[in-house]
Amino acid sequence: MTATTDRVPLGPLSVSRQGFGCMGLSHVYGRADEAESLATLERALDLGINFLDTADIYGLGHNEQLVGRAIRGERHKLVIASKFGNRLDAKAHGRALDGRPEYAREAVEASLRRLDVDHIDLYYLHRLDPVTPVEETVGELAKLKGQGKIGAIGLSEVDASVLRRAHAVHPIAALQSEYSLWTREVEAEILPTARELGVGFVAYSPLGRGFLAGAEPVEEKDRRHQHPRFQAEALAANSRRRAVAEGIAARLGVSVAQVSLAWVLSKGVVPIPGTRHVAHLEANWAANDLSLDPATIAELEAAFPVGSTVGARYPAGSPPVPGLQPA
Ligand SMILES: NC(=O)c1ccc[n+]([C@@H]2O[C@H](COP(=O)([O-])OP(=O)(O)OC[C@H]3O[C@@H](n4cnc5c(N)ncnc54)[C@H](OP(=O)(O)O)[C@@H]3O)[C@@H](O)[C@H]2O)c1
């Protein structure tokens, strides 16, 4: 069993092999029970997870407040990551993505208040602002770092050239982008660039928003109903591919979620799976101890060639993900 104190480098940071993605604790993929969410976060810390991922936009502030409650008394042991740039007041403001320096300053203060902490260890620009040059945003984040409000700078869903431009202004600690068996596009250019620059890579939605754990949306209020990959036809086509991972899981006597996570872990990146349930959390954490041999990795990759997944990653009209537009 992975020792609770095992840490891996993430750029200049030191984190547990898996982080914990908190988004789903704010009613994104079905309803989340507050008490169960807090119990799940508590168990995550008990297991030795020291890396919690949230964002101001998750639950419009609810998620950061929940994390703030969960980490009281434990904060000093933790690497807290949050994100800004997706405006919480997009409708009123008439602008969804905002990387302007003045908004960065405003957003960090609001996140610090909600999290009830005096600094955020890793602060990401959630999505590239198509208007504000990334250099300006990162320049301001560097100032916030100098003032001790944030510990390190991250970017989410940017392409290799933006990552290089940003990194030239101030070292970027981590890039967070979607990476899983059914979303492997980062392998071509983005992941190698992050490695070359010494930027840590955080794999979000490593379980394919539940699909690669064998879970599909059942509740009416679930954002995945709007996702092209979760439409009936796409699910049917993609399930044929998942069957290969399920076969491997049966052969190894583990769950398909564990096989999916073990594959991501084999890439030397830090996955941040999310769950509302302690049992799923414990099962996911146990994937740290599942080492897939090269033949099994090749079998999985043959079943999920890059670009083969049916359905776009995001609903039409979502903020763009530069360089990663799905087929
Ligand atoms: N930077 C970005 O733009 C961005 C975008 C999306 C996500 N993220 C971050 O990445 C984190 C993780 O991504 P995600 O939540 O989208 O997707 P994910 O971790 O790939 O999957 C989460 C889903 O899988 C289910 N699940 C988890 N473990 C399971 C298990 N062992 N067995 C069965 N089902 C299981 C969860 O349901 P249950 O709750 O029922 O377990 C949930 O519906 C988020 O929390 C967020 O912090 C970042």
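Between Gly200 and Gly11, Ala174, Leu175, the built amide H atoms are under 5 Å apart, and every one of these is 5 or more places off in sequence or on another chain.
Straightening the chain between Val306 and Leu38 buys 92.8 nm, computed as 0.36 nm per residue apart minus the Cα-Cα spacing.
Between 0 and 90 degrees, the angle of helix 294-303 with respect to the longest Cα principal axis of the chain falls at about 80 degrees. Derived from the Cα gyration tensor, the three semi-axes of the equivalent ellipsoid of the range 1-121 are 26, 17, 12 Å, largest first.
Below 13 angstrom from the Cβ of Ala245, what's the summed charge of the other residues (Lys, Arg +1; Asp, Glu -1)? Before the final figure, lay out the partial values.
Values: positive: Arg240, Arg241, Arg242, Arg251; negative: Glu246, Glu299, Glu301.
Once all neighbours under 13 Å are counted, the net charge is +1.
Of the peptides 165-174, 16-25, the order by per-residue mean of other Cβ atoms within 10 Å, starting with the highest, comes out as 16-25, 165-174.
What value does the chain have for Rg/Rh, both radii from Cα atoms and Rh as Kirkwood defines it?
Working: Rg = 18.6 Å, Rh = 19.8 Å.
Taking Rg over the Kirkwood Rh, I get 0.94.
Label-to-label distance for Ile297 and Glu106 is 4.6 nm, based on points extended 7 Å past Cα in the beta-carbon direction. By the Kirkwood approach, averaging reciprocal distances over each pair of separate Cα atoms, the range 52-177 gets a hydrodynamic radius of 14.4 Å.
Relative to the present Cα-Cα distance, how much length would full extension add between Ala92 and Val131 at 0.36 nm per residue of separation?
Numbers: separation 39, 0.36 × 39 = 14.04 nm, distance 1.84 nm.
Using 0.36 nm per residue and subtracting the Cα-Cα distance, I get 12.2 nm.
Can you give the net charge of the other residues whose Cβ lies under 13 Å from the Cβ of Lys149, counting K and R as +1 and D and E as -1?
Details: positive: Arg105, Arg113, Lys143, Lys145; negative: Glu106, Glu109, Asp118, Asp121, Glu140.
Local net charge: -1.
Result for the chain in a Gaussian network model with C-alpha springs under 10 Å: among His280, His227, His93, the largest mean-square fluctuation is at His93. Eigenvalues of the alpha-carbon gyration tensor of the range 171-321, scaled by 5 and square-rooted, set the equivalent ellipsoid semi-axes at 22, 21, 16 angstrom, largest first.
Residues of the range 132-150 with amide nitrogen under 19 Å from the 7 Å Cα-to-Cβ point of Asp118? Within reach of a label on Asp118, which here means backbone N under 19 Å from a point 7 Å along Cα→Cβ, the range 132-150 contributes 144-150.
Taking 0.36 nm per residue of sequence separation and subtracting the Cα-Cα distance, how much length would be gained by fully extending the chain between Ser318 and Gln231, in nm to one decimal?
Numbers: separation 87, 0.36 × 87 = 31.32 nm, distance 1.66 nm.
Using 0.36 nm per residue and subtracting the Cα-Cα distance, I get 29.7 nm.
Values in this text are rule-based calculations from the coordinates and carry no lab data. Predicted model, so just to flag it, every value in this text is computed and none were measured. Note: ideal-geometry Cβ built from the backbone for every residue, glycine included; neighbour counts use all protein chains shown.
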